[in-house]
1. Could you work out the pair-distance distribution P(r) of segment 108-286 from its alpha-carbon pairs, with 5 angstrom bin width and percents rounded to whole numbers?
2. Sorting 89, 129, 44 on the 10 Å Cβ count, fewest up front, what's the list?
3. So what is the orientation-averaged projected area of segment 4-103, using the convex hull of its C-alpha atoms, in nm²?
4. Residue 17 to residue 161: FRET efficiency via 1/(1 + (r/R0)^6), r the Cβ-Cβ distance, R0 41 Å, to the nearest 0.05?
5. Please give the peptides 8-20, 140-152, 105-117 ranked by average Cβ packing (other Cβ atoms within 10 Å per residue), highest first, as a rough proxy for protection.
């Protein structure tokens, strides 16, 4: 159930499941997107940092979005590649702002991390694909719970302090096996959205886990090539591109990995990978054996060892 909201000056207090959180609405936000603005807050008891997403009013006043926000807060998933949800609060059950509270993840978006630390390295495509595998693990998990994310994109994938990948922003996710696009309207980001996500598509198709597979394919393609051929000025233009164009093969992506993204982004859902585990298996199979450098081997030892073992390695 949604929690309470109170205000003292610039400080917004949020009570979710009996626990109080707060944030200062005058401080610069951590980020903003189509669905809302994210602020840094804290747990009033432990002072641990939390993230508060204030859903923008034009979405918050939509009954369907309110329902999904309430459901997101109730998910309470525990998975190493998902951001932990803490609760949802609102002033009024029918209109006005919605506040979604989650654990704060310190890191940077995966595309920024790749551009800064991975793209110039040997075997860059291989490394990018390996970073993307945990995203597919997270998708397999939420799909097993009947959840469709519906907004997979680089800005919703966080690299946590350079060590762990987390899929973020389940704010428009739906907790049914399928979602009727004719009633839910356009949900997601147009240049990553599957053809069936556009609300006026003929025959009112259902959105399923294959919708997330399409978005995952576009996202992986963009992370590798730095291109998104479905960028458009309007939703109508994006819809036309997604319905009439297949991914072009460009320099920088191998034939085998391109084939994975091509199948994932098939126009018809039945032609895509039918689940995230299938796409993960295909992606792993598409990767040729990597020539590990001395640095790679050392970092593997660091990741797999505890402090005492690392100390022994450094002495050698």
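Just so you know, all these numbers are worked out from the coordinates, no wet-lab data involved. Just so you know, these numbers come straight off a predicted model, no measurement behind them. Reconstructed Cβ throughout: ideal geometry from the backbone, glycine too, with neighbour counts over all protein chains shown.
1. The distribution over segment 108-286 is 1, 9, 19, 23, 22, 15, 8, 3, 1, 0, given as percents.
2. 44, 129, 89
3. 6.4 nm²
4. Approximately 0.90, to the nearest 0.05.
5. 140-152, 105-117, 8-20
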